[in-house]
Amino acid sequence: MSGITMSAIKSFPGMIWLLLMLLSGLSLLVAEEASPKQLAIAVIFAVAMVKAYLVMVYFMEVNQAAAHWRTLFKLWLLMAGCILTIGNAMGAV
């Protein structure tokens, strides 16, 4: 196996994969450098929500599901992110 090639990165799934890797790097940077930590955690949760959305839409093809399933997925993602962020903020008080 020759590793990652430019043609693989230039493909649409390759671009999404590269974006996911960049977002992972952003999360790592924020976790190590950001202050206050509560803000850093909120940013990391937001990045995780974006990454989950990208994976579900572009790799699991939720965008081709019926409209009610797409709506439920988006609501679930929003609720999960809000619950995690609010729960973390309450635990830090």
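The values are calculated or read from the model by the stated rules, or taken from the named source; none is laboratory data. As the structure is a prediction and not an experimental result, all values here were calculated from the model. We place every Cβ from the backbone using ideal geometry, glycine too, and count neighbours over all the protein chains shown. With ligands, DNA and RNA removed, areas are computed over all heavy atoms of the protein, side chains included. Shrake-Rupley method; radii C 1.70, N 1.55, O 1.52, S 1.80 Å.
Going by what's in this entry, would Ser35 be described as assigned to a loop (DSSP other than H, G, I, E, B) and either open to solvent by 90 Å² or more (accessible area, probe 1.4 Å) or at pLDDT below 90 (or both)?
yes
Listed here are the residues, each with its yes/no results for (1) in contact (Cβ under 8 Å) with a residue 12 or more places away in the chain; (2) of a type in the set (A, V, I, L, M, F, W, C).
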{"residue": "Met49", "(1), (2)": "yes, yes"}
{"residue": "Ala52", "(1), (2)": "yes, yes"}
{"residue": "Val62", "(1), (2)": "no, yes"}
{"residue": "Ala65", "(1), (2)": "no, yes"}
{"residue": "Trp69", "(1), (2)": "no, yes"}
{"residue": "Ile83", "(1), (2)": "no, yes"}
{"residue": "Gly87", "(1), (2)": "no, no"}
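Checking Thr71 against (1) at pLDDT 90 or above; (2) among the polar types (S, T, N, Q); (3) closer than 22 Å to Met21 by Cα, which test does it fail?
Result: Thr71 passes all but (3).
Looking at Met90, Met49 in this structure, which one is open to solvent by 80 Å² or more (accessible area, probe 1.4 Å) and part of a helix (DSSP H, G or I)?
Met90
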